[in-house]
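Undergrad: What follows is a structure written as structure tokens; I'll ask about it next.
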Amino acid sequence: MNEGGLKQGASAALAVAIVGTFLIVAGLVGVMRRHTQAPLVDAARIAERSKALAELREAEAVALSTPAWIDQAKGLVRLPITNAMDLVLRAWENPAAARSNLIARVEKATAAPPKAPEKPSEFE
């Protein structure tokens, strides 16, 4: 055989190897897609998701429209937005008093917990 025939045979083998590799990868992708595909959404799943969404929206509506205690010990309250805006407008009619009240409430809400007692010495 001559050198040209060897080069043609090697390039043909290389082309077959490349095409074979692509076919193997395509086959593996097909198998993986078949085994990892999420189940279809059926009527029961649609009803379950709709119910969960309705419950979530109802809970959000209640949270936005009704006042409640967040932390009664610190005096943190959840208020509807309109009520909170009215309180802010009334409080800031006197800016100096409102500013000092705001600073006091922030300090109370963000106060650090008391320091844990230190471990007593073994000699005490």
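Undergrad: Being in a helix (DSSP H, G or I), modelled with pLDDT under 85 and either surrounded by 10 or more Cβ atoms within 10 Å (Cβ to Cβ) or of a type in the set (Val, Ile, Thr) (or both), is that true of even one residue in region 9-29?
TA: Looking through region 9-29, at least one residue is in a helix (DSSP H, G or I), modelled with pLDDT under 85 and either surrounded by 10 or more Cβ atoms within 10 Å (Cβ to Cβ) or of a type in the set (Val, Ile, Thr) (or both).
Undergrad: With respect to Arg90, is the statement that it is in a helix (DSSP H, G or I) and loosely packed, with under 11 Cβ neighbours inside 10 Å true?
TA: yes
Undergrad: Would you confirm whether any residue within region 62-79 is more than 30 Å from Glu107 (Cβ to Cβ), out of contact with any Cys (no Cβ under 6 Å at 6 or more places or on another chain), of a type outside the set (Gly, Ala, Ser) and not in a loop (DSSP other than H, G, I, E, B)?
TA: Checked region 62-79: at least one residue is more than 30 Å from Glu107 (Cβ to Cβ), out of contact with any Cys (no Cβ under 6 Å at 6 or more places or on another chain), of a type outside the set (Gly, Ala, Ser) and not in a loop (DSSP other than H, G, I, E, B).
Undergrad: Among the residues of region 102-119, what is the count of those that are over 32 Å from the mean Cα position of the chain (by Cα), at pLDDT below 90 and either assigned to a helix (DSSP H, G or I) or aromatic (Phe, Trp, Tyr) (or both)?
TA: So the count comes out to 0.
Undergrad: Across region 32-45, what is the total count of residues that are modelled with pLDDT of 85 or more and surrounded by 10 or more Cβ atoms within 10 Å (Cβ to Cβ)?
TA: So the count comes out to 2.
Undergrad: Further question on the same structure: So, in region 30-43, how many residues would count as being outside any helix (DSSP H, G or I) and either in contact with a Cys (Cβ under 9 Å, 6 or more places away or on another chain) or hydrophobic (A, V, I, L, M, F, W, C) (or both)?
TA: Number of matching residues: 3.
The values are calculated or read from the model by the stated rules, or taken from the named source; none is laboratory data. It should be emphasised that the depicted structure is a prediction, and the values quoted were computed from it without experimental measurement. Ideal geometry is used to build each Cβ from the backbone, glycine not excepted, and the neighbour counts take in all protein chains shown.
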